[in-house]
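Input: a single structure, listed below in structure tokens.
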Amino acid sequence: MPQESRIIIAAGGTGGHVYPGIALAEELKSRGHRPFFVVKKGDLARDMLSRRGLEYAEISSMGLPRSPGARLIRFPFVLAAGLVSARRILKEIRPSACVGMGSYISFPVVVNAKSLGIPVLIHEQNAVAGLANGILSRFASKVAVSFKPGLKNLGGMNPVLTGNPVRKDIFGIDSARSFSRLGLEERRFTILVFGGSQGAARLNSTVVEAWKNLQDIGSGLQFIHIAGPADFENTEREFARQRMPGRAFPYIHDMGEAYSCADIIISRSGATTVAELRHVNKPSILIPFPHATGNHQYFNAKSLESDGKAVVITEKNLDAGVLSSAIRREFSNRRPRAKRVEPPAVFPQEKLAEEILNLIGSDRTGK
């Protein structure tokens, strides 16, 4: 294998697809290879990639509309434009392999890679495969998955278990420094709350209501509440009105600091979140987003619960009483907080990179 292989990664749409792609790209770079991203035009992924000095190109792309309307009429034209752009990029970059990280952005890239004879690896982050990966697995040379159960809608492939790539910068951070930087008290039992990059209004309001049931132990608690940009101002007002200890934030870029302070984590259960929670090894209360495709957040969360690392509360059962009781149990069973979150012995992106490089090697040797 040459010193440097160019590897295209198709990722975007949500942080759940982008962050694993970035973690994989950084692993490939560390091994002397050159990743190149393909993202949707105008995707927020551009900012994430630019901050890390990762190369990318944009193409037209949209998901398949599930109901009649103007978007459904537009869909074939956007798809055709994306297919043409993706083919041009592949011919220009001439990658040794193509990786699809799920979501509709993968479709035009993977289909073209297959037709050009480029080895394709599909990675599925969730416990239930999405529509795009369910289709694209039929074009793949290899399918990698994040969860132990076999995924039945992946074109009959026998998937390899790699886990979901996680950011290395969330590990090894000194908690005392993090408490100081976030303006929090190290002695208090710290509850980290977040609902994904855009927040979760129902979760935000329920946490505030749950606080009213916890005031008898309130002097021992504090919250790091990542409310999301849309709901931040309202959540911050409620913090002040209810005299909730801790701080609300619209977003935290350095999640490693937040994780290092946390004694318990309350969150949605997207694939990236569950992968990180598995490795930061702190108790969690997970409230799956009920409208996720195939209810995949529920199955993601249940995988962590089955390993004894989480309690799952479905949104239909979520209220202030249920949530405050769960928090109270964790407070009663609290353990001494580790000074640092230790990294895993082997990162999932290392396993995934090995699969990709083996695929390239097999293709070149004719095996």
Completion exercise
Violations at 26 Å Cα threshold for listed pairs Lys148/Lys282; Lys168/Lys282; Lys148/Lys351; Lys168/Lys351; Lys41/Lys91 -> none
Handout entry: Mean-position separation - Cα centroids, the range 346-362 and the range 225-293, in angstrom
Key = 32
Fill in the blank from the handout: Any residue on another chain or 5+ positions along whose placed amide H is under 5 Å from the amide H of Glu55 is listed here as Phe37
Practice task
Name the long-range amide H neighbours of Val312: under 5 Å, sequence gap of 5 or more, or other chain; modelled H, no Pro or chain starts.
Solution key: Leu286
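Treating only the Cβ of Lys, Arg, Asp and Glu as charged (+1, +1, -1, -1), what charge dipole size does the chain show about its Cα centre? Round to the nearest 20 debye.
Details: 49 positive and 33 negative charges, 114 e Å.
Roughly 540 debye for the chain.
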Exercise for the section: Note the angle between two axes, namely the Cα long axis of helix 271-280 and the longest principal axis of the Cα atoms of the chain, as a number of degrees from 0 to 90, rounded to the nearest 10. Expected result: 60
Handout entry: Candidates Ser67, Ser260, Ser103, ranked by Gaussian network fluctuation over the chain, Cα under 10 Å, top entry
Key = Ser67
Handout entry: For the chain, calculated [θ]222 nm from helices alone, where every DSSP H run of n ≥ 4 adds -39500 (n - 2.57)
Key = -13000 deg cm²/dmol
Handout entry: In sequence order, calculated HN-Hα J values of the range 339-355 (Karplus, 6.51, -1.76, 1.60; Hz; x Gly/Pro)
Key = 6, 9, 8, 7, x, x, 4, 10, 7, x, 5, 5, 5, 5, 4, 4, 4
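Going by how many other beta carbons lie within 10 Å of each one, how would you line up Ser115, Ser141, fewest first?
Least to most surrounded, the residues fall as Ser115, Ser141.
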Practice task
Give me the distance between the Cα centres of the range 1-50 and the range 83-104, rounded to whole Å.
Solution key: 12
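Starting from the Cα gyration tensor of the range 169-332, take the square roots of the eigenvalues, sort them a ≥ b ≥ c, and report rounded, prolate or oblate (rounded when a/c is under 1.5, otherwise prolate if a/b is larger than b/c, else oblate). Kindly include the intermediate steps, with their values, before the conclusion.
Values: a/c = 1.36, a/b = 1.16, b/c = 1.18.
Verdict is rounded for the range 169-332.
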Handout entry: Size of electric dipole in the range 169-332: Cβ of Lys, Arg +1 and of Asp, Glu -1, about Cα centre, debye, nearest 20
Key = 260
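Over the range 169-332, what is the mean sequence separation of C-alpha contacts under 8 Å (at least six apart), divided by residue count, expressed as relative contact order in percent? Could the numbers behind the result be given before it?
Numbers: 281 pairs, mean separation 40.9, N = 164.
This gives 25 percent for the range 169-332.
Please list, by residue number, every one of the chymotrypsin sites (Phe, Trp or Tyr not before Pro) in the range 221-285 that is coil in DSSP and has at most 16 other beta-carbon atoms within 10 Å. Spell out each step's value before the answer.
Working: sites: Phe223, Phe232, Phe239, Tyr251, Tyr259; in loops: Tyr251.
For chymotrypsin sites (Phe, Trp or Tyr not before Pro) across the range 221-285 that sit outside H, G, I, E and B with at most 16 neighbouring Cβ atoms in 10 Å, the list reads Tyr251.
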Exercise for the section: Quick one: net charge around Thr273, please, counting Lys, Arg +1 and Asp, Glu -1 for every other residue with C-beta under 13 Å from its C-beta. Expected result: +4
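Only the coordinates and a few stated rules stand behind these numbers; no lab work does. Everything quoted here is computed from the prediction, not taken from an experiment. When we count neighbours, we look across all protein chains shown, and the Cβ atoms used for this are built from the backbone with ideal geometry, even at glycine.
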